[in-house]
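Here the structure comes first, spelled out in structure tokens, and everything after it is commentary.
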Amino acid sequence: MDDIVIDTAGFIHWPHDRLRGCIISVLQLPEIEKHAPNNFVLLDQLDVRVKSPEPDSLDAVLRMASTTGDLGGLSKVDLEVLALGHQMDCEIATDDHRMQNVASANGINWMPVSGAGISKTWLWRYICQGCKKEWSKGQGILDGGVCDVCGSDVRLLKK
Ligand SMILES: [Zn+2]
């Protein structure tokens, strides 16, 4: 099974076989204990891996969330889940639209826990501030990068 970071909603909605071997942030422990106490007592049995993201990874996610305008709406737990997905290069499972948005904008794969997610409603493009050339994600350009045509700054923007 591929590594996956599951946010707290997963522990409310998902069966045990989907939770087995997954990754969570240490900050989720009190949330899971409160909202999914039946699964909280099974964390060891389900081989759930409890991790803290590296400071570098957390910094990177803070910058990503600031760029997409989602930072103010994300909790420390949300940011840690994103940071774990980022540093381990694995998928995250979340229903939080802001987390999905930051993930989509930065090449972090995600899946919804229960809802359908935002993937088809928001279109993100990297756009040159000078000549307006556009790139989609995965084309090797990043927010804050430089346009290969005119050398202006490239920004990630919603279209
Ligand atoms: Zn340009």
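The values are calculated or read from the model by the stated rules, or taken from the named source; none is laboratory data. All figures in this text were calculated on a predicted structure; none of them were measured in a lab. Note that we place each Cβ from the backbone using ideal geometry, even for glycine, and neighbour counts take in every protein chain shown.
Filtering the stretch 139-151 to residues that are in a loop (DSSP other than H, G, I, E, B) and under 20 Å from Ser66 (Cα atoms) leaves Ile141, Leu142, Asp143, Gly144, Gly145. Figure legend. Inter-residue proximity from the stretch 23-50: first residues in the same structural domain as Ala83 (by TED's automatic domain parsing) and within 22 Å of Gly85 (Cβ to Cβ), second residues of a type in the set (Lys, Arg) and part of a loop (DSSP other than H, G, I, E, B), beta-carbon distance below 9 Å, spacing 6+ or different chains. Indicated pairs: Leu46/Arg20; Asp47/Arg20; Val48/Arg20.
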